[in-house]
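Read-outs throughout are calculated quantities, based only on the coordinates presented, and are distinct from any laboratory measurement. Because the structure is a prediction, the values reported are computed rather than measured. Cβ placement follows ideal geometry from the backbone for every residue including glycine, while neighbour counts extend to all protein chains displayed.
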Amino acid sequence: MINRDILKKYGALLKLEKHFPHRNRRKIKRFLSYVLALSALSLILPSLKLIGVIITAALLISWIKLALLELYFYSKYDLLKNEGLSFSLLSLEYDIQTSTKSKLNALINNEIGIVLLARLGVLIDLKILDKETLNQTVTNSTKYEDEDKNVANFIFNISLGNDATKEIFRKHAVSEKQIKRSFSMIETAFDTQIESEKWWSNENLSQIKAIGDDWAHGQTQILERYGRFVSSTAAISVDAYKEEIKRVLVVISKQHSPHAIVIDDSDAGRTAVIEGLNQKLQKDSLDASSKKRIFLIDSNIISQNSNSPQQFESEFSKVLYEAARIGNIICAIDNFPIFLDSTKNIGVEAISLMQDYLKGNVLPFIFLSDSAAYYQKIQPRNDIGQYVELVQIKIKDEEALLHFIEQQVQIDEAGYGVFYTYQAIEAVFDAIHRYFSTDTYKEKALDLINEVSVVVSQSKHSIVLPEDILSVIEDKTGIPAGAISEGEKDKLLNLESLLHARVIGQNEAVVSISQALRRSRSGISKTDRPIGSFLFLGPTGVGKTETTKALSDIFFGETIPLTRFDMSEFSGEDALSRLIGDSHTQNQGLLSNAVRERQYGVLLLDEFEKASKEVHNLFLQILDEGFFSDVFGKHVNVRNMIIIATSNAGSDIIMNSSGIDLVNNKPQIIESIVNRGIFRPELLNRFDGVIFFQSLSEDNMQSVVNLMLKGLGKRLKEKGIELVITPEMVTTLLNRKIDTHFGARPLNRLIADLVEEKVAEGLIAGTIASGTKITFIPNSNNEFDLKVLE
Amino acid sequence: MLEVVSDYFSWHYSQSFKDLSALISRFGSFILKFFSIKILIKTFFTPWKLIIDHSHNRKLYEITSAFVITNIMRLIGVIIRTFVIIMGLISYLIFNLISIFIYIIWFLIPLILLGIVFLLFQKLVNI
């Protein structure tokens, strides 16, 4: 409840707002302005003169009254704001407090309440409640008096006392954070609206460009020709880049080497930093004559106007000389690495022309670049690096990102006529973390919001729900993120049996993987790690790789192939640079490229124990954070992959473990692997599961032979040949002495030698053709004779 | 609505005068800033356009012509700046005079409105 002091001070204002809100006053005032202009015209006609005067005077009085009322409103609004009070919250509370309806009913009919409840996604459900429910007394409003400043408590107290509304709030999972942030969006929008209406405010007056600003140091012809001064009114929102702007300001204010290079992968980000910096320079400068101005060189125009390297050198030198001579200029060059390359192509080393200025502080430079080009072309160059300080647009400020998303959402809402629920805003925030590489958060958020707004504005509904976000994500990335389809649901629930159809034994592995996938797809797993990560330990040929392949085929589909690395190839000194790129040779990394190409699926790391220590360290980060940076500083996202590392480490113990309960002896076996120095304990702990693959029993072997023969039968069927598998075939194959150290692997070779070879011969000789039915009869040599049945 | 009307009047004859003073002083500074009086005085003799000669080993007539052109530009600068400064100062002066009337009108406006209403009423009665 609003306390007495506030009511005494602002009661009249709140009353005015309740009965004759600001929005309506403005509308009527605008209408009156038009009518007043028309009635003033009527004064020209002599016949209407008297009545015209009366009407005009009456309209004028009404207009002045409204204008005075508005001034009263703005003044009181400012006072209220200066006291740290929220006008939106007070007017909402006042309306509900003085309403004759129930609190809930009043909330649903209040202008702010409507927007808030719609943002929380509950308005439609609340609106269809019957009158009786809406008028039900709220039972737990006792706390409400003490906590009137907390909007979440206020809303919860009104809504949760009633069973029906409680259920609606529960269904939409409305949280305290959602209420607070939704309300803060309403407040900010209202504040911005009011501030923009007050054209006489300091803020708005300072936006008007002064006549003599550009005359201070004289205009120069060359500068005008080859670039432009950055506008003092930013076209895009610069709020999200406050920290970066501050950093650049510190760098360019230094006495020694005041040069910065700003790295961001989005044009919007780089522009925002430059425009924001310019705004700050204009605003903070107390003395107009010391005001710095940012001059953005258009390198294309210089190149176009230069017919020879000499001419380019001459023109570019003139630009720099004049900028330095004028004295208050900061020189900015966008796409700096490209600029250097293009000048090099025409035979000019631009950096040597800038060298004198880079050494001094007369002409500060701000270079702009994307991260890949920076790490490839600028970072290795000491002649630039020693003078220039790096300012990278931050990626970890989650609060700033959420605020950025909220702002963009409101811009799109006005532009596309859509409305985002706060759950959808949170879905954008989560999706950006989960599905996109982490160095372009803001740009990706902007893209995603724009795309969703377009899609939703073209559909029948205009309310953006989390499902809309996820479905656009799915379209953009190919990663299933939207609602789980029936087919997928079956697959997920029966993943164990589907895997067992291809993997013999290995129950622990199959169950662990299936559980990880279900957790991930249901959205309850951590979004800042890979979908799942497993270390498969066990002797060769027991199904480690086969399990991985089966998982990839069943869950991700055969269209998304497995990304496979033989880690024994990455044991040398160059292992890390081959995986994440080499800054000297400029070669891209094999791992970074492969993951960028296919960021959804299974990443199989065979013989993981053979990789170098540096590679193991790289995977420490990957398993923990779900991304890594390549050597060029670009982030690579592995959060949508299942990482499976296989290893023979400890296989001697596992092989000798027949009869030992592997699951219960796991700690001892892991300890022995750690003691041998194969894997460090912190690396093993990073995996979601370390899974032992048991040696195959005789029964398992029989199943494996069956499976392999069925596989061959399937391949032959594609050629129109039917293979009849008999128990004798299986027994004969099992009776052949094979080296059990290699698990089921030798069986493949055996089937190839004894069965496939005969089929191949038959096909070439013409004894087998499409439509033939065949089987194999064991002979005295423990081999097979091919028999054509039909 | 009586509460609103009474609060309005108490605001009109107290807080609104503080707001009005702040507004008038803000506008005064704005006018000076808009015409860049301070900066134009500081850079009064700066050439209007900088003709920067990038050539080396200049001959005497080139130096002389550059000197002459620069001084012509300086003169143009002085003329334009003088004009803008005078305009600015006149505007500032007019604004200050007007602001006195603004205070008076602001003080009287409720009465003026009442007066007009009364006159209108009288006119309507006469009709």
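A few comments on the model shown:
- HN-Hα J in Hz across region A:42-56 - Karplus 6.51, -1.76, 1.60, θ = phi - 60°, x for Gly and Pro: 5, 5, 5, 6, x, 5, 9, 4, 5, 5, x, 4, 4, 5, 4
- Under 28 Å between alpha carbons - lysine pairs in chain B that sit 8 or more apart or on different chains: 6
- For chain A, adding -39500 (n - 2.57) for each run of n ≥ 4 DSSP H residues and dividing by the number of residues yields -16500 deg cm²/dmol at 222 nm.
- Percent of beta bridges antiparallel (DSSP, the protein assembly as shown, rounded to nearest 5): 20 percent
- Coordinate range along principal axes, alpha carbons of region A:70-116, Å, largest first: 32, 18, 16
- Gap separating the Cα centres of region B:55-111 and region A:1-38, nearest whole Å: 43 Å
- Share antiparallel - DSSP beta bridges, region A:660-790, percent rounded to 5: 60 percent
- Its alpha carbons give region A:677-790 an Rg and a Dmax of 18.6, 61 Å.
- The simple Förster model, with R0 at 22 Å and r as the Cβ-Cβ distance, assigns A:Q392 and A:E597 a FRET efficiency of 0.30.
- Kirkwood Rh and Cα Rg combined as Rg/Rh, region A:588-709: 1.04
- Relative intensity, log₁₀ I(q)/I(0), of region A:555-653 from a Debye sum that treats every alpha carbon as a point, q = 0.22 Å⁻¹: -1.21
- Amide H contacts under 5 Å for A:V638, placed H, 5+ residues apart: A:F627, A:F628
- Using the Cβ-Cβ distance between A:E176 and A:K719 with R0 set to 51 Å, the FRET efficiency from 1/(1 + (r/R0)^6) comes to roughly 0.20.
- Reachable aspartates and glutamates, given that their alpha-carbon falls under 13 Å from the alpha-carbon of A:K291 and they are not under 8 places away in the same chain: A:D213, A:D214
- Taking every alpha-carbon pair within region A:361-419, the share separated by more than 19 Å comes to 56 percent.
- The simple Förster model, with R0 at 22 Å and r as the Cβ-Cβ distance, assigns A:K460 and A:A414 a FRET efficiency of 0.60.
- Among the listed pairs A:K127/A:K166; A:K610/A:K666; A:K81/A:K103, those with a Cα-Cα distance over 18 Å are A:K610/A:K666; A:K81/A:K103.
- Pair A:D383, A:L7: separation of 7 Å Cα→Cβ label points (nm): 7.7 nm
- Distant-in-sequence amide H partners of A:D265 (H built 1.01 Å from N, under 5 Å): A:S371
- Projecting the alpha carbon convex hull of chain B along each direction and taking the average yields 14.3 nm².
- Non-local Lys pairs in region A:367-496, i.e. 8 or more apart or on different chains, that have alpha carbons under 28 Å apart: 17
- Lys, Arg +1 and Asp, Glu -1 on Cβ, resulting dipole of chain A about Cα centre, debye, nearest 20: 2440 debye
- A:R564 long-range amide H proximity, modeled H, under 5 Å: A:L604
- Extension gain, A:E790 to A:T192: 0.36 nm times the residue separation minus the Cα-Cα distance gives 206.8 nm.
- Most mobile listed residue (B:K42, B:K59, B:K33) in chain B, GNM with C-alpha springs under 10 Å: B:K59
- Maximal additional length on extending the A:L85-A:S253 stretch stands at 56.7 nm, based on 0.36 nm per residue less the C-alpha distance.
- Between A:A501 and A:R745, the modelled labels are 2.8 nm apart [label points 7 Å from Cα along Cα→Cβ].
- Region A:535-633, relative contact order [Cα under 8 Å, separation at least 6], %: 31 percent
- Label-point separation in nm, A:I208 to B:S14, each point 7 Å along Cα→Cβ: 3.2 nm
- In chain A, the longest principal axis of the Cα atoms and the axis of helix A:441-458 are about 80 degrees apart.
- Region A:506-609: translational diffusion in µm²/s, Stokes-Einstein, Kirkwood Rh over Cα pairs, 25 °C, 0.890 mPa s: 160 µm²/s
- Fluctuation leader among B:F67, B:F30, B:F17 - chain B, Gaussian network, Cα springs under 10 angstrom: B:F67
- Two-decimal log10 I(q)/I(0) for the protein assembly as shown, as the Debye equation yields it once each C-alpha is a single scatterer, q = 0.04, 0.11 Å⁻¹: -0.33, -1.36
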